[in-house]
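The values are calculated or read from the model by the stated rules, or taken from the named source; none is laboratory data. All values derive from a computational prediction rather than experimental measurement. As a convention, Cβ positions derive from the backbone with ideal geometry for all residues, glycine included, and neighbour counts pool all protein chains shown. To get the accessible areas, we keep the full protein, side chains included, count just its heavy atoms, and leave off ligands, DNA and RNA. Shrake-Rupley method; radii C 1.70, N 1.55, O 1.52, S 1.80 Å.
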Amino acid sequence: MTRSAKLTTGLVLAGLIVLFGLIGPLLTGDPATIRDIGLIPPGGDHLLGTTITGQDVLAQLTHATRGSLWIGLLVGVMATVLSGVFGIVGAYAGGVVDEVFSLFSNVMLVIPGLPLVIVVAGFVPADQRGTWTISLVLAITGWAAAARVLRAQTLSLRNRDYVAAARVSGEKTWRVICVEILPNLLPILASQFVFAVVLAILSEAGLSFLGLGAADSSTLGTMLYYAQNGFALQREAWWWFVPPGLIIALFGGALALINFSIDEIINPALRDKARRRGDVVATTPVVESGDAVLTVHDLNVVYQGASPVHAVKDVSLTLRRGEILGLAGESGCGKTTLAYAINRLHRPPAEVTSGSVVFDGIDVLALDPEELRRFRWVRLSMVFQGAMNSLNPVTPIRAQLQDVLRTHRPSMSSSDREDRCAEVLRLVGVDPARLGSYPHELSGGMRQRVMIAMALLLEPQVMIMDEPTTALDVLVQREILNEIKRLRDELRFAVVFITHDLPLLLELSDRIAVMRDGEVVEYATAEEIYLRPQHPYTRRLLASFPSLTGERGALL
Amino acid sequence: MGYHLRKIAFYLAALWAAVTLNFVIPRLLPGNPVDILMAKLQQRGGSVDPAARQAYETLLGTGGRESFVREYFAYLGNLARGDLGVSVSAFPAKVSDVIGDSLPWTVVLVGLATLISFVLGVGLGALVGWKRGTWLDSLVPATTMLSAVPYFWLALILVALLSSGLGWFPLNGGYDVVLDPGWSPEFLGSALYHGTLPALTIVLSSVGGWLLGMRNMMVSAMSEDYVLTARAKGLTGSRVMVRYAARNAVLPSVAGFAISLGFVVSGSIVTEQVFSYPGIGSKLLQAVQNNDYALMQGIFLVITIAVLGANLLVDLLYGLIDARTRDRSTVS
C-alpha cells in the first residue's frame with residue numbers, strides 16, 4: 001500500500017468507528033432492556049442477535065464503543081500532556097531539571113503498568129471506581145515511553161540554530177517552546193497521542209474484562225466481561241463475543257495505519273519505494289582500448305522519479321595501469337554517482353541508462369550479481385567519503401578486515417589471515433595492535449588509514465577514493481596523501497581520486513577530469529590543466545582555491 | 001562512574017521507587033483495607049489477635065496512629081527479612097510461599113514466550129527491512145493488526161477454535177492434575193503441552209511490535225555508509241544483512257526491551273487468567289477479588305523486581321554488544 005492509501009484506509013476506518021460510537025447509540029435503543037429471548041442469532045429485529053438476558057447486542061455495542069472511545073480520548077489527552085511536560089519541558093530546561101525529569105520518566109517506564117493499575121484498582125472500592133479515576137490511573141502509568149521519545153527529539157531541536165537564535169535574542173521560554181519547538185514536534189506528538197489512545201483502550205478492556213473497570217460506564221471491555229461470564233463462546237454465541245473484540249482490533253489497526261503514515265512523514269527513509277528494477281537498464285557495446293585497466297565509455301546515469309535527474313551524462317574516461325586519475329568538481333556535479341556506477345553500487349532510483357564500463361576485459365555492466373560480488377574488492381576497491389561512518393561501529397577492526405579475506409580467500413588459514421591484516425595495517429602506518437580496537441577508539445585520520453589498509457587487502461588493480469581526506473585536518477591530510485602516493489609507487493595500483501579540491505589534484509594526479517552538471521568538461525594531464533586550462537569552468541575552479549604552494553592566489 | 005555502576009544505580013533507584021509506591025498506595029487510596037482484612041481473616045477462622053492486626057497495619061497503614069516515617073521503616077524492615085505478611089485467600093499460607101509456588105510458572109511461560117517473540121520479531125523484521133519492496137512488506141500491517149487485538153480476546157478465540165473446536169490443546173490449567181508436580185518426563189511434557197497455547201497467544205500479540213521496530217531500524221541502517229562499504233567489499237548478501245545492517249539495527253530493539261517487557265508482562269497477566277494458568281497473574285487477580293491486600297502487594301513487588309532484574313540483565317548485556325556505551329559518560 002502506498003502512504004496515501006494507508007492513511008485513507010486508516011482515517012476512514014477510524015472515522016467509521018467513531019461515528020458508530022457517536023451516532024449509533026441514538027439509533028439503537030436501550031442496551032439494558034431485558035427480554036425473554038436470550039441468545040438469538042443475528043437477524044430480524046436484532047441485527048447482531050441478543051445476549052443471554054435478551055439484550056440487543058448491537059445497542060450494547062454502540063454504547064460500549066462510545067464508552068471505550070471516551071476513555072481512550074481522556075487517557076490520550078492526559079498522557080500526552082504529561083509526556084509533554086516531562087519530555088519537552090525537561091529537555092528544554094536542561095541541567096538538574098532534565099536529570100530529575102528524565103530519571104523519573106525512566107523509573108516510571110520500567111515499572112510494569114498493568115500490575116500497578118490492577119493493584120490501585122484493587123484498593124479503590126468498586127463504588128468509587130469511576131471513568132475519571134480509571135482514566136487518570138491509566139494516564140499516569142502510560143505516559144513515560146512518549147516522554148522519552150519527546151525528550152530525545154527536543155534535545156536535538158534545542159541545539160538547532162534557529163532555536164538558539166531565538167533564545168539568544170531574548171525570547172521568553174514559553175514562546176520559544178510554543179513557537180519554535182512545538183510545531184516541529186507535532187508529528188511525534190500526534191503519533192504518541194494515537195499510540196496512547198490505542199494503549200488506553202486495550203488496557204481498559206483488559207481491566208474491565210478482569211472486573212476491575214470503571215463501575216459507571218459500559219465499554220467494550222465490560223461487554224466482553226459479561227459475554228465471558230455468560231459463557232458466550234461455550235454456547236457458541238459468537239455474535240455476542242466476537243464484535244466487541246473486533247471493534248477494538250479494527251480501531252487499533254486503523255490507528256496503526258495512521259501511525260505508519262506519520263512515521264513516514266517523520267522519517268522519509270521509511271517511505272515506500274518504487275519496485276526495484278535492475279540497476280542497469282541498457283548498455284552500449286563494449287569499447288576496448290589498449291593498455292587501459294578501466295574504460296568508461298559514454299556512461300549515463302539517471303535518478304528516475306517524477307522529474308528524472310540526469311546525474312552522469314555521456315562520460316568517457318580511461319584509466320591506465322598505475323595511473324592516478326583525478327576527478328574534480330563541486331558537490332552535486334555527479335562525481336560520486338559516477339564512482340558508484342563504475343562499481344554498480346548506485347541504488348534505486350539511480351539507473352545506468354546507457355554506456356559501458358570495461359575493467360581489464362571484463363564487461364562490468366553485464367556481470368550477474370554473483371560475478372559482480374566476486375569482482376568487487378578483488379579487482380576494484382573503494383575508500384569512501386567520511387571514514388567516520390564507513391566502518392561498522394559495533395565490531396572491532398579485525399573482524400572488518402578479516403571479513404574480506406574470509407569471503408574472497410576462503411582457503412586462507414586463520415593465522416595467515418591475521419598476518420595479512422597486520423601487514424596491511426603496517427603498510428599504512430597503523431600499529432597492528434590496533435586490530436582489536438573499535439572504530440570509535442580511533443582518530444579520524446587513523447580510521448581513514450584503516451579504510452585504505454582494507455582497500456589494499458586483496459591487492460586490487462584499481463582503487464576508487466571518494467573525498468578520502470576531506471574531513472581531516474590539513475596535516476593529517478598531507479600525511480595520508482603522501483602515503484597514497486608511496487603505496488601506489490610500491491604496489492602499482494591505479495587510483496581514481498575524487499575531490500572538489502582541484503589544486504590538490506594538480507599535485508597528486510597524472511591526469512584530471514573536471515566534471516560539471518554530470519558532464520566531463522575538460523580531460524587532460526595535470527600539467528595541461530595547470531598551465532593551459534581550456535574550459536572557463538576549469539579556470540574558475542583554479543582561481544577559487546588558494547594554491548597549496550602559494551603561487552596562485554584567490555585574486556588571480 | 002562506569003557504565004555498569006550507573007545502570008545498577010538506576011535500577012536501585014527504580015527498585016526503591018517501586019517499594020515506596022507499594023507502601024504509599026494503600027495509604028493514599030480511600031477505603032480501610034486493614035478492617036476488611038481482619039473481617040476476612042475472622043471468616044476463615046484465623047486468629048484476630050493484636051499481633052496479626054499489627055502485622056497488617058505495618059503493611060497497609062495504621063490510619064494515622066503511627067507516624068508515617070516509623071511505619072515506613074517498619075515496612076522496609078519486614079521486606080528486608082522477606083516477610084510479606086500472611087495471605088488471607090490462602091490462609092494460613094505466607095504470601096512469600098504463595099508467590100514462591102506460582103512464580104516459576106510465570107517466569108517460564110512469559111520468559112520463553114518473550115524470548116521466542118523477540119527472536120522471531122527481530123529476525124522477521126530484519127528480513128522485511130532487507131527485502132523492502134517485496135511481498136514481505138505486507139507482514140508489517142498484518143502483525144501490527146495482531147498487536148491491536150486484546151490479548152485475552154485472542155486467547156479466548158484461540159481456545160474456542162483450537163481447544164474446544166479441534167481439541168488440539170487443553171482448555172486450561174498448567175498441567176494435567178492427575179500428575180504429581182515434579183521433574184518426571186510425564187509432568188514436564190504435560191506442562192509443555194498446557195503452556196503451548198498461552199505462549200502462542202503471547203507471541204502472536206507481541207511479535208508485531210518487535211517486527212515493526214526492527215524493520216524501521218533496518219531501513220535506516222541500510223542507508224548507512226558501513227553497509228555501502230560492506231557491499232563494495234563484495235561480501236555475500238546474507239553477511240551484509242546479518243553482520244552489518246541487522247547487527248546495528250538490533251541495538252534500539254535491545255535498548256527498548258524495558259518498554260516492551262512491561263507490555264508483555266501486563267498482557268500475560270490477563271492471558272493467565274483466561275487459561276487459569278497456575279502463575280502469578282492468576283494469583284494477583286485472585287488476590288484482588290478476595291481483597292487479599294497483602295498478597296496483592298507482594299505480587300506487585302515481585303513482578304516489578306522480576307521486570308527490573310530482566311531489564312538490568314539486558315542492559316548489562318547491551319554493554320557487550322555495543323562497545324560505544326561502555327565508553328560513554330552520560331546517562332541516556
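Ignoring ligands, DNA and RNA, how much accessible area is buried between chains B and A, both sides summed, with a 1.4 Å probe, to the nearest 100 Å²? The B and A chains share an interface burying roughly 6900 Å². Working note: Debye formula, equal point scatterers on the alpha-carbon atoms of region A:401-556, no solvent; log10 I(q)/I(0) at q = 0.08, 0.09, 0.11, 0.21 Å⁻¹ is -0.30, -0.37, -0.53, -1.35. Structural size metrics of region B:215-332, computed from C-alpha coordinates, are Rg and Dmax of 20.5, 66 Å. Which one, B:189, B:141, B:164, is farthest towards the positive end of the dipole of chain B when Lys and Arg carry +1 and Asp and Glu -1 on their Cβ? Of the candidates, B:141 comes out farthest on the positive side. When nucleic acids and ligands are ignored and a 1.4 Å probe is applied, residue B:169 ends up with an accessible area of around 40 Å².
In percent, rounded to a whole number, the relative contact order of chain A is 13, using alpha-carbon pairs under 8 Å and six or more apart.
Based on C-alpha pairs under 8 angstrom that are at least 6 apart in sequence, chain B has a relative contact order of 27 percent. Estimated from helices alone, the mean residue ellipticity of chain A at 222 nm is -16500 deg cm²/dmol (sum of -39500 (n - 2.57) over DSSP H runs with n ≥ 4, per residue). Using 0.36 nm per residue and subtracting the Cα-Cα separation, the extra length available between residue A:371 and residue A:168 on full extension is 67.3 nm. Sorted largest first by accessible area at a 1.4 angstrom probe radius, with every protein chain in place, the residues A:179, A:75, B:119, A:476 fall in the order B:119, A:179, A:476, A:75. The portion of the accessible surface of region B:98-291 made up by carbon and sulfur, rounded to a whole percent, is 70 (1.4 Å probe; DNA, RNA and ligands excluded).
Comparing B:245, B:93, B:18 in a Gaussian network model of chain B where C-alpha atoms under 10 Å apart are linked, the largest mean-square fluctuation is found at B:93.
Over all directions, how big on average is the projection of the convex hull of the alpha-carbon atoms in chain B, in square nanometres? Convex hull of Cα atoms, orientation-averaged projection: 21.9 nm². Comparing the full protein assembly with the isolated chain, the residues of region A:240-267 losing at least 40 square angstrom of accessible surface (1.4 Å probe) are A:241, A:249, A:260. The residue B:220 and residue A:234 beta-carbon pair, evaluated with R₀ = 56 Å, returns a calculated FRET efficiency of approximately 0.70.
Out of the total accessible area of region A:385-459 (probe 1.4 Å, heavy atoms of protein only), what percent is carbon and sulfur?
Answer for region A:385-459: carbon and sulfur cover 44 percent of the accessible area.
In summary, the lysines within cross-link reach of residue B:40, defined as a Cα separation below 17 angstrom excluding same-chain residues under 8 places away, comprise B:94.
The order of the peptides B:190-199, A:162-171 by mean Cβ neighbours within 10 Å, most packed first, is B:190-199, A:162-171. Counting Cβ atoms of other protein chains within 10 Å of each residue's Cβ and taking the mean over peptide B:220-231 gives 6. Toward the positive end of the charge dipole of region B:98-291, with +1 on the Cβ of Lys and Arg and -1 on the Cβ of Asp and Glu, the farthest Cα among B:269, B:106, B:118 is that of B:118. For peptide B:206-216, the mean count of partner chain Cβ atoms within 10 Å of a residue's Cβ comes to 1. Scaled to the globular estimate 2.2 N^0.38 Å, the Cα spread of region A:14-64, given as radius of gyration, is 1.12. Of the residues making up region A:340-378, those losing 40 Å² or more of accessible area when the isolated chain is joined by the remaining protein chains, with a 1.4 Å probe, are A:345, A:347, A:373, A:376, A:377. This model, with +1 at the C-beta of Lys and Arg and -1 at the C-beta of Asp and Glu, gives region A:340-395 a dipole about its Cα centre of some 220 debye. Ranking A:140, A:15, A:88 by Cα position along the charge dipole of the protein assembly as shown, where only Lys, Arg, Asp and Glu carry charges on their C-beta atoms, puts A:88 farthest toward the positive end. If you roll a 1.4 Å probe over region A:476-523 with all protein chains in place, what percent of the accessible area is carbon or sulfur? Its accessible area is 41 percent carbon and sulfur atoms. Per the Debye calculation on region B:98-231 with a single equal scatterer at every Cα and no solvent contribution, log₁₀ I(q)/I(0) for q = 0.11 Å⁻¹ amounts to -0.53. Its Cα centre serving as origin, region A:285-367 has a Cβ charge dipole (Lys and Arg +1, Asp and Glu -1) of approximately 240 debye. In the context of the full set of protein chains, residues of the protein assembly as shown present 43 Å² of accessible surface per residue (probe radius 1.4 Å, heavy atoms only). A cut-off of 5 Å between modelled amide H atoms, ignoring neighbours fewer than 5 places along the same chain, links residue A:464 with A:381, A:382, A:383, A:496. Highest mean packing first, where packing is the average number of other Cβ atoms within 10 Å per residue, the peptides B:310-323, A:140-153 line up as A:140-153, B:310-323. Computed with every protein chain present, the accessible area of residue B:58 is close to 30 Å² [probe 1.4 Å]. The HN-Hα couplings worked out from phi for region A:21-35 by the Karplus form 6.51 cos²θ - 1.76 cosθ + 1.60 (θ = phi - 60°) are x, 7, 8, x, x, 6, 9, 10, x, 7, x, 8, 4, 9, 10 Hz, whole numbers, x standing for Gly and Pro. With R₀ set to 51 Å, the beta-carbon distance separating residue B:163 from residue A:347 gives a calculated FRET efficiency near 0.55.
Proximity of backbone amide H atoms, modeled 1.01 Å from N, is registered between residue A:521 and A:514, A:515, A:516 at under 5 Å, excluding neighbours fewer than 5 places apart on the same chain.
Its residue count N fixes a reference of 2.2 N^0.38 Å for region A:1-144, and the Cα radius of gyration divided by that reference is 1.44. Shielding value for B:114-120 is 0, the average number of Cβ atoms from other chains within 10 Å of each residue's Cβ.
Using a loss threshold of 50 Å², tell me which positions in region B:1-41 are less accessible in the complex than in their chain alone. Probe radius 1.4 Å, ligands and nucleic acids ignored. Going by heavy-atom accessible area, the residues of region B:1-41 that drop by at least 50 Å² are B:10, B:25, B:29, B:30. Dipole magnitude for the protein assembly as shown: about 700 debye, using +1 per Lys or Arg Cβ and -1 per Asp or Glu Cβ, origin at the Cα centre. Less than 5 angstrom separates the built amide H of residue B:86 from those of B:95, all sequence-distant by 5 or more or on a different chain.
Principal-axis analysis of the Cα atoms of chain B puts helix B:68-80 at an angle of about 70° to the longest axis.
Applied to region A:514-521, the Karplus parametrisation 6.51 cos²θ - 1.76 cosθ + 1.60 on θ = phi - 60° returns per-residue 3J(HN,Hα) values of 9, 10, 8, 6, x, 10, 7, 8 Hz, with x for Gly and Pro. Normalised Debye scattering of region A:385-459 at q = 0.16, 0.17, 0.22, 0.24 Å⁻¹ gives log10 I(q)/I(0) of -0.49, -0.56, -0.94, -1.11, counting only Cα atoms as equal scatterers and leaving out solvent.
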